[in-house]
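Structure, as structure tokens:
The values are calculated or read from the model by the stated rules, or taken from the named source; none is laboratory data. Bear in mind that the values here come from a model prediction, so they are computed numbers and not experimental data. Methodologically, a virtual Cβ is constructed for each residue, glycine included, from the backbone with ideal geometry; neighbour enumeration extends over all protein chains shown. Heavy atoms of the whole protein, side chains included, go into the accessibility calculation; ligands, DNA and RNA do not. Shrake-Rupley method; radii C 1.70, N 1.55, O 1.52, S 1.80 Å.
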Amino acid sequence: MLKGSPGLIDLLDRPLRDLRISVTDRCNFRCTYCMPREVFGADHVFLRSDEVLTHDEIARLATIFVSLGVHKVRITGGEPLARPGVEGLVGALAGIEGIDDLALTTNGARLARKAELLREHGLHRLTVSLDSLDQAVFSAINDVGFPVGRVLEGIKRAERAGFESIKINMVVRRGLNDHDVVPMAKYFRGSGHVVRFIEYMDVGATNGWKREDVVPSEEILRALDAVYRLVPVDSPHQGEVARRYRYADGAGEIGVISSITQPFCGDCSRARIAANGVLYTCLFSSSGLDLRSLVRSGASDAELAATIRSVWAARADRFSEQRSAADPTRRRVEMSVIGG
Ligand code: SF4
């Protein structure tokens, strides 16, 4: 049994605390800011099943990361609920001693069917990506015409299954869904769920990101505060990505995630494993380390731990703080591969 290695920090004194695991590069949506159809069309080559980490490989790697300081694990994708038997993986991860926060991010399309199973297998928290309540806008964004009502039904079923304070992530784009910010807040006020308004990010190299399409969080907060007075809330957790605000009238909370206008790299404690087993140390990485081949070539737990430790110890990523100086020719990994 590997002993925890206290104090594993990177070159910017940031501890390794959070692991995000992408369990598939596939998704049933084609969100324009993540998997634009013109790139991820019918001829796009997704990972073959033998190229994707197995549940056992994921659980083994997660156990090693826990021994190195990780205690928060988030399951991402592509769309994790598109992976067959994902609840089994949830069960395996929930059984790992040291993981005290196990979460999953989904587009909600299959949530109505999976919510109870995920809860029964030990999932702690849920995040649902939902970019508009307006069907026409939602369809324009997910680009598959998926009914918003089914995502809302999935959230209802998750509530009934026992998930509280579900996070609702809305990526806000100017001229597309920025007018839906207040209606989204209004819909979830008093529900106990927390809408997080996310600044549109230049993740990957295919979403055609332009700075002028970004709606700064300050602008979003002003629009909300004009209707529902907001009060800032201090965050108890180091490394939390969202800035939190509560409604002065007690109707709950919202959050903003401001990677563009107010980067939070200073205490970023997140590592990411893609579905093909590549370890990335930043959401905006261009390259990573292939853990899958090490796992499949018989590396011991100690060897894997040493490899991960050396990668983290050499980490100096802070892309969002250096965005303007970024090399435009550097091809960043796609969001659907690295996971949010
Ligand atoms: S840009 Fe990279 S280093 Fe900065 S917060 Fe995001 S993942 Fe962390």
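Just a few scattered comments:
- Unmet criterion (only one of (1) modelled with pLDDT of 95 or more; (2) over 21 Å from Asp131 (Cβ atoms)) for Leu221: (2)
- For region 194-209, filtering for residues that are of a type in the set (Asp, Glu) and in a strand (DSSP E or B) leaves 1.
- Verdict on Asp178 being in contact (Cβ under 8 Å) with a residue 60 or more places away in the chain, out of contact with any Leu (no Cβ under 8 Å at 6 or more places or on another chain) and crowded, with 17+ Cβ neighbours inside 10 Å: no
- Inspection of region 225-241 identifies at least one residue that is in a loop (DSSP other than H, G, I, E, B) and among the basic types (Lys, Arg).
- Screening region 232-260 for residues that are out of contact with any strand residue (DSSP E or B) (no Cβ under 8 Å at 6 or more places or on another chain) and within 16 Å of the ligand (Cβ to nearest atom) and picking the one that is most open to solvent (accessible area, probe 1.4 Å) gives Gln238.
- Once region 33-62 is narrowed to residues that are in contact (Cβ under 8 Å) with a residue 40 or more places away in the chain and in a helix (DSSP H, G or I), the residue that is most open to solvent (accessible area, probe 1.4 Å) is Arg60.
- Selection from region 90-119 of residues that are open to solvent by less than 30 Å² (accessible area, probe 1.4 Å) and acidic (Asp, Glu): Asp101
- Selection from region 276-304 of residues that are more than 16 Å from the ligand (Cβ to nearest atom), part of a loop (DSSP other than H, G, I, E, B) and out of contact with any Leu (no Cβ under 6 Å at 6 or more places or on another chain): Ser297, Gly298, Ala299, Ser300
- Tallying residues that are touching a residue at least 40 places away in the same chain (Cβ under 8 Å) and open to solvent by 10 Å² or more (accessible area, probe 1.4 Å) within region 137-146 yields 5.
- Selection count, region 261-271, where residues are open to solvent by 10 Å² or more (accessible area, probe 1.4 Å), within 10 Å of the ligand (Cβ to nearest atom) and touching a Ser or Thr at 6+ places or on another chain (Cβ under 8 Å): 3
- Restricted to region 305-339, and to residues there that are more than 13 Å from the ligand (Cβ to nearest atom) and not in a helix (DSSP H, G or I), the residue that is most open to solvent (accessible area, probe 1.4 Å) is Arg331.
- Some residue of region 210-221 being assigned to a loop (DSSP other than H, G, I, E, B), open to solvent by less than 60 Å² (accessible area, probe 1.4 Å) and either more than 15 Å from the ligand (Cβ to nearest atom) or more than 29 Å from Leu81 (Cβ to Cβ) (or both): yes
- In summary, Ser191 fulfils each of the numbered conditions (1) closer than 14 Å to Ala115 by Cβ; (2) assigned to a loop (DSSP other than H, G, I, E, B) with the single exception of condition (1).
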